[in-house]
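First up is the structure itself, then whatever we jot down about it.
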Amino acid sequence: MMSNLDINFFFEDFRLNAYILNVDLQTDATLQVDISDALSERDKVKFTVHTKSTLPNFKQNEFSVVRQHEEFIWLHDSFVENEEYAGYIIPPSPPRPDFDASREKLQKLGEGEGSMTKEEFTKMKQELEAEYLAIFKKTVAMHEVFLCRVAAHPVLRKDLNFHVFLEYNQDLSVRGKNKKEKLEDFFKNVVKSADGVLVAGVKDVDDFFEHEKTFLLEYHNRVKDSSAKSDRMIRSHKSAADDINRIASTLYTLGTQDSTDLCKFFLKVSELFEKTRKIEARVAADEDLKLADLLKYYLRESQAAKDLLYRRGRALVDYENANKALDKARAKNKDVLQAETTQQVCCQKFEKISESAKQELIDFKTRRVAAFRKNLVELAELELKHAKGNLQLLQSCLGVLKGDT
Amino acid sequence: MAASSERSPPPFPDSEEPELLEDSDEGADAFTGTSISEMDSPSPDSTRPPKDIFNEPPEDIFSDPLSNINSEPQKKVDAKIPSPSSDEAVDLFSDPLDDDSEVMSSPEVQNPMPDLLNEPVEAPKSDVLGEPPVSSVKKAASSEMFGDDDDDEDLFKEPPKVVTKKPQPSGPPVDVFTEVKSDVKVKPQVKDDPTDLFAEEALTAPAPKPSAGSSSSRTNGVHSEEQDLFSEATVELSLDSPRNDRKNKDAVKPSVSAPAAPVASSSSKAPSKTLKELEEEESEDKFDLNISITNPEKVGDGMNAYMAYKVSTQTSLTMFRSKTFTVRRRFSDFLGLFEKLSEKHSQNGYLIPPPPEKSILGMTKVKVGKEDPSSAEFVERRRAALERYLQRVVSHPSLLQDPDVREFLEKEELPRAVSTQALSGAGFLKMLNKATDAVSKMTIKMNEQDVWFDEKIQDVENEEQHLRKLHVMVESLVNHRKELSGNTAVFAKSVAMLGSSEDNTALSRALSQLAEVEDRIEQLHQEQASNDFFTFSELLADYIRLLGAVRGCFDQRMKAWQRWQDAENMLQKKREAEAKLLWANKPDKLQQAKDEITEWEAKVTQYEREFERISATVRKEVIRFDKEKARDFNRQVIKYLESLLHSQQQLIKYWDAFLPEAKAIV
């Protein structure tokens, strides 16, 4: 029983047509990265990262390595922890592949096999497989987007860790964080968010950053809200599509009872519902892809932008404190040199962050507008396509029903 | 009237199109008015009212020549069978019809046609009147239509049936009505006034032309009443066919006439006598009695409050005192009607349409709550269900004749129905009865002789089971759709907020547009959810109840069988007792035993006859039920699909408007 339900069988050597989902990125021939292949195993996904490059520090022009999700996270964290990159928006890390829900459903289906008809079972199975495939594709796309963003970034693309990630054809032997480290992370986050509130309260000298700060704060909250709401909307859309599906199968059983005219009628309507529910499910899936994923991505991206502003704000506060310390030191005439150096370092750091952050935030806006445009246009087009398909089905079915009943 | 038909799923095809209905009202009145008066009193005087209505010549005048032609359009109708081009033609023959009768009627009818057509034109008066062949042909045609002569006569001997007969073909489709009306008008006007509005119709319908010439012939009253009626009936049928062409051109909504058409056609072709009779009666009732329930109103306060509904009836049946009347009824009155009808008729095997269930929870909410949407929905749901229930009752030919039904519709004040009190002692007793019934049902092992019943009982059980399943799923769809609607609304708000905080102007604009689109879509989901519910889910709920009633019919039949078998057993025992007495040589008691045997013999025959009668009735009822079910499902599901279609059209409109906004983002 479980053997033919094994999820691996339909992903055997599954080749993914790489597609970029959220962001329009200017690609540049010197370094191109994509995920050429992905393999789903029981509890992990193996991505084949394919690189084409003319950069001199790679040994070859074209090569592939196999990477797992944890290695992506490691790469992301190494960017975040690097002081050098404090002035940049670090591309958000890809979300963890989550097949649990899908697996659970599959499990349930296996248990409930006896209680349903063969048709129902095959139908449910196909549905779950499709769902699994969609999650899988999305996961792969998210990981790819991360790599592409890094590869397109003028500074991050030169990062050594990134090059290792792309080229080193052995396991990077990164491990997941242990409990202690996770706890540390948690405390760090608490401190950071408390500090963030503190820092955010400081009035910025620069109007541009002051504006960006208020904007991002609000934007992030709203995009978070929208993302959650869109998820709920899509979920109920999916349930409605499932209902239509079940209605179609019951109508089918009703229709196969005998061969009266009414039964033919039922069969016809069942056939229609079977088709419309497919479209309805497509609508939900496309909304998920074009709308919910877009919002989710910008939820993470705006978080990354907020982080950048936090780092800048932190640097500003440090700088101001150093100024005060220097004043104090001068007044007391004690440790003046040391205070001066600190003040110098803080000033430099702050200015460096400010300089790159401005450009980064402008880029962020350009990217955001482009991505929204692309996705919204595609969303509208897909909605139109599906509605028209539905309309046509209904029209032809109504034609038949009115015609020969 | 029009308002009510908008609010509730119209069970009558004519109420589907309020405009048309209004249009046809006068026509309908005029027409049915004529027919009834004709039937009630054949004297020429009584034909006056129609005269007034049609300016000049009474329609009998036309009906006669038209009857000559009736053969022609009828042929047309027949000929249409294979051609799927016209919606109606196809509709007409969807019912399983006996091919034989068609085949028989069409060629014969064809033959007399040319003669008939020509003759009146050449010698209008004398020919038609004088020549017996005309009437005989007519008779032949009519008898073919209705299977056999006996039947024909039967139909016309009984006054109520005559009443039913006549409007039947004219009644159903509103279109037909208006058409008939206009065609009838054409005739006088063609004669008197050539520049008339309807001249075009006269052209499209060639039939009326010869009639104009021979119109005066009818006034002589040569033709017998029944022929007359008959010809009229067929005229209407036939007028139907020239209309087809025009209708297609005009692209009048075919859906309106679609459900009606099968009735008209089936009446002329029903295979067996019983079936055909059934259909005639049924179609008549349906279309000559229009019931609507409106204005639900809360009466009283607190827990003693109840909802009163306005029950309006519109009819041309003579059994009612007037054509339109209105009474106020409360829910328990409806239940009371059901109780009365079940008491009287269910043991005969009649299918009594069940009323909607009592809902203490829903009603309490209405009683206590002020104005909240869920109680408004509850009231509307109940109103619609009651309306469908009443319509089902009156569309039953036998139940319509019941004095209680008439009283319910007409009488101002009804005695308060007591036995229906929720959880009253009577209710409890009833439940107890039902339980014992169920037990006895389990113990009765009926040895089913009739294959038809055997299969049907099985089918009904299966169907009920599947419908229940389907109903659960549709309910779940309704809920999910409502949820979707709610979530879409929330999302729309959220996107609007996001749009307001976006600092790119074009993107901000696009997002607020998206919010608006989602807002509209929310409305659409909302509407669709109520369509899911009122058009689809309620239909299923009705039929689950009705199938329960069908099973009740089967149970009644089984009970009758049980009675018969018990009597048989008793008779057997008595016979044995007699034999014992004979053997024991006790002549004194022998006479008593013999008397008892004759008594029980009589009982056995009586019960057997009863069983046969109930079997026949149940069978008829179930066939009728199946037909109505097919029609109901067809109509409702098509309506439902149309609502889906509408939703998709709106969706397209909304997204179409949004697309340029999305493209305008820079």
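What follows draws every value from the coordinates through simple rules; no lab data is involved. Bear in mind the structure is a predicted one, so any value in this text is a computation, not a measurement. Virtual Cβ from ideal backbone geometry, glycine too; neighbours counted across all protein chains shown.
The table for this structure:
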{"quantity": "Computed over the stretch A:219-404: relative contact order in percent, which uses C-alpha pairs under 8 Å that are six or more apart", "calculated": "27"}
{"quantity": "Contour minus Cα-Cα distance for A:THR122 and A:ILE362 (0.36 nm per residue)", "calculated": "81.3 nm"}
{"quantity": "Residues A:CYS263 and A:ALA134, FRET efficiency given R0 of 25 Å [Cβ-Cβ distance, rounded to 0.05]", "calculated": "0.10"}
{"quantity": "Karplus (6.51, -1.76, 1.60) ³J(HN,Hα), θ = phi - 60°, over the stretch A:121-133, in Hz, Gly and Pro reported as x", "calculated": "4, 4, 5, 4, 5, 4, 4, 5, 4, 4, 5, 4, 4"}
{"quantity": "Rounded FRET efficiency, nearest 0.05, which uses the C-beta distance separating A:LYS192 from A:ALA370 and R0 of 30 Å", "calculated": "0.50"}
{"quantity": "Interchain or long-range residues, amide H under 5 Å from B:ASN290's placed H", "calculated": "B:GLN314, B:THR315"}
{"quantity": "Principal-axis tilt of helix A:207-255 within chain A, Cα atoms, nearest 10 degrees", "calculated": "10"}
{"quantity": "Potential lengthening between A:LYS352 and A:LYS203 on full extension [0.36 nm per residue; Cα-Cα distance subtracted]", "calculated": "51.7 nm"}
{"quantity": "Members of A:LYS123/A:LYS264; B:LYS344/B:LYS574; B:LYS310/B:LYS456 lying beyond 29 Å, as alpha-carbon distances in this model show", "calculated": "B:LYS344/B:LYS574; B:LYS310/B:LYS456"}
{"quantity": "Pair B:GLN649, B:GLN465: separation of 7 Å Cα→Cβ label points (nm)", "calculated": "4.1"}
{"quantity": "Radius 11 Å from Cβ of B:HIS345, net charge of other residues (Lys, Arg +1; Asp, Glu -1)", "calculated": "-2"}
{"quantity": "Other-chain or far-sequence residues with amide H under 5 Å of A:VAL45's (modelled H)", "calculated": "A:HIS69"}
{"quantity": "Exposure proxy ranking, count of Cβ atoms within 10 Å, fewest first, for B:ILE623, A:ILE279, A:ILE244", "calculated": "B:ILE623, A:ILE279, A:ILE244"}
{"quantity": "Over the stretch A:219-404, volume per residue of the alpha carbon convex hull, in Å³", "calculated": "103"}
{"quantity": "Crossing angle, helix A:100-111 versus chain A [Cα axis fit, 0-90 degrees, rounded to tens]", "calculated": "30"}
{"quantity": "Flagged links, alpha-carbon separation over 32 Å, of A:LYS182/A:LYS334; A:LYS188/A:LYS324; A:LYS118/B:LYS629; A:LYS44/A:LYS290", "calculated": "A:LYS182/A:LYS334"}
{"quantity": "Flagged links, alpha-carbon separation over 27 Å, of A:LYS138/A:LYS306; A:LYS365/B:LYS653; A:LYS268/B:LYS627; A:LYS238/A:LYS374", "calculated": "A:LYS365/B:LYS653"}
{"quantity": "For B:THR605, B:THR313, B:THR617, order by how many other beta-carbon atoms lie within 10 Å, fewest first", "calculated": "B:THR605, B:THR617, B:THR313"}
{"quantity": "Residue order, fewest to most beta carbons within 10 Å, for B:SER508, B:SER332", "calculated": "B:SER508, B:SER332"}
{"quantity": "Helix A:293-332 axis, angle to chain A major axis (alpha carbon atoms, nearest 10°)", "calculated": "10"}
{"quantity": "For A:ILE35, residues with placed amide H under 5 Å, excluding near neighbours", "calculated": "A:HIS50"}
